[in-house]
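Single-structure report; data block below.
The values are calculated or read from the model by the stated rules, or taken from the named source; none is laboratory data. All values reported here derive from a predicted model rather than from experimental measurement. Positions of Cβ are backbone-derived with ideal geometry, glycine not excepted, and every protein chain shown enters the neighbour counts.
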Amino acid sequence: MTNRKIQYWVIPPEADAEFVAAMERVLDTYEKPYDPDHPVLCMDEQPVQLIKETRCPIPATKRHAKRIDYEYERAGTASIFMFTEPLAGWREATARTSKTKVDWAVEVARLLEGRYRKCPIVTLVCDNLNTHTIGAFYEAFPPARARALVRRLDFCHTPKHGSWLNIAENELSSLTRQCVSGRRFGELTILQSEIGAWSTDVNITQRGVDWQMRVSDARCKLKSLYPKRRI
């Protein structure tokens, strides 16, 4: 029997008006010039398993790499929250024990009341996960504070099966390759420290994101996504 490999892929729907409508709104958002009073902020999440060592690793030497025992102890899970402002060349990764509505609202509020406290409005690009809702703020905060936060948010949702449109997903991919993949984090505080250091280093060394896809490009290269006109 032939062993056939399987590739997992994000397969977009064909001739889907709702998909292209959401896609074009995201692409339009990315084309807007930088406005410090109305920044565009992208966010995404990623689960990670916390793993403790059961035996002390052997440090690397000139003759061999660092040696880690196969045995490990599961220490629960965590969720990484990635926020990035593409035109400012800024990103920040944080981690929490869970990714509930309250967790998400607390993370967004921290930025709205911190880095973006002087901004009248912030466009937030994110997916349609059921935790990314206006109601999440009312579950986390008193009504007056929740409403004050919601008034300053302009949601821009990526379409289902269109996660590639979220620049924060690209940042998460970089974080995974450069900082998380192949490593064991036994405690949440260690994970938070490491991804925080990654964010600081990349912010110092990397410029803004050069996003190439525009609406005109999508209409040419992704024709199969667009429904046939009836008129």
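Report the residue count in the range 178-219 for those that are surrounded by fewer than 16 Cβ atoms within 10 Å (Cβ to Cβ) and either touching a helix residue (DSSP H, G or I) at 6+ places or on another chain (Cβ under 7 Å) or among the β-branched types (Val, Ile, Thr) (or both).
Of the residues in that region, 9 qualify.
Are any residues in the range 220-231 surrounded by 12 or more Cβ atoms within 10 Å (Cβ to Cβ) and either outside any helix (DSSP H, G or I) or touching a Cys at 6+ places or on another chain (Cβ under 6 Å) (or both), and if so, which ones?
222, 226, 227
So which of 16, 69, 35 is charged (D, E, K, R) and at pLDDT 95 or above?
That would be 35, the only listed residue that is charged (D, E, K, R) and at pLDDT 95 or above.
Hey, could you check the range 29-49 for residues that are under 19 Å from the mean Cα position of the chain (by Cα) and assigned to a helix (DSSP H, G or I) and say which is nearest to residue 195 (Cα to Cα)?
30
Looking only at the range 184-219, count every residue that is more than 13 Å from residue 80 (Cβ to Cβ) and part of a loop (DSSP other than H, G, I, E, B) and tell me the total.
The total comes to 12.
Would you point out which residue out of 202, 215 is of a type in the set (A, V, I, L, M) and more than 23 Å from residue 116 (Cβ to Cβ)?
Values: 202 fails: more than 23 Å from residue 116 (Cβ to Cβ).
Of 202, 215, the one residue that is of a type in the set (A, V, I, L, M) and more than 23 Å from residue 116 (Cβ to Cβ) is 215.
Tell me yes or no: at least one residue of the range 212-226 is within 30 Å of residue 22 (Cα to Cα), under 20 Å from the mean Cα position of the chain (by Cα) and touching a residue at least 60 places away in the same chain (Cβ under 8 Å).
The answer is yes, given that some residue of the range 212-226 is within 30 Å of residue 22 (Cα to Cα), under 20 Å from the mean Cα position of the chain (by Cα) and touching a residue at least 60 places away in the same chain (Cβ under 8 Å).
Quick one: residue 138 ticks every box in (1) under 23 Å from residue 40 (Cβ atoms); (2) outside any strand (DSSP E or B); (3) in contact with a helix residue (DSSP H, G or I) (Cβ under 7 Å, 6 or more places away or on another chain); (4) modelled with pLDDT of 95 or more bar one, so which box is it?
(1)
Which pairs have Cβ atoms under 7 Å, sit 6 or more apart or on different chains, and link a residue in the range 56-84 that is within 19 Å of residue 181 (Cβ to Cβ) to one that is modelled with pLDDT under 85 and surrounded by 15 or more Cβ atoms within 10 Å (Cβ to Cβ)?
From the range 56-84, the pairs are 57/68; 72/51; 72/184; 74/51; 75/51.
Here is a yes/no grid of residues against (1) within 19 Å of residue 91 (Cα to Cα); (2) of a type in the set (Asp, Glu):
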{"residue": "180", "(1), (2)": "yes, no"}
{"residue": "185", "(1), (2)": "no, no"}
{"residue": "192", "(1), (2)": "yes, no"}
{"residue": "198", "(1), (2)": "yes, no"}
{"residue": "201", "(1), (2)": "yes, yes"}
{"residue": "211", "(1), (2)": "yes, no"}
{"residue": "223", "(1), (2)": "no, no"}
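Which members of the range 145-164 meet the condition of being assigned to a helix (DSSP H, G or I) and either at pLDDT below 95 or on the phi > 0 side of the Ramachandran plot (or both)? Before the answer, list the steps.
Filtering the range 145-164 for residues assigned to a helix (DSSP H, G or I) gives 145-150, 163-164.
Residues satisfying the conditions are 163, 164.
Residues of the range 88-127 being exposed (fewer than 15 other Cβ atoms within 10 Å of the Cβ), of a type in the set (Ser, Thr, Tyr) and under 24 Å from residue 208 (Cβ atoms), which ones?
none
State all residues of the range 72-83 that are modelled with pLDDT under 70 and either touching a Leu at 6+ places or on another chain (Cβ under 7 Å) or of a type in the set (A, V, I, L, M, F, W, C) (or both); if no residue qualifies, say none.
75
Just wondering, is there one or more residues in the range 111-130 that are under 18 Å from the mean Cα position of the chain (by Cα) and assigned to a helix (DSSP H, G or I)?
yes
Here's a check for you: in the range 146-177, which residue that is in contact with a Ser or Thr (Cβ under 9 Å, 6 or more places away or on another chain) and exposed (fewer than 15 other Cβ atoms within 10 Å of the Cβ) is farthest from residue 19 (Cα to Cα)?
So the residue we want is 154.
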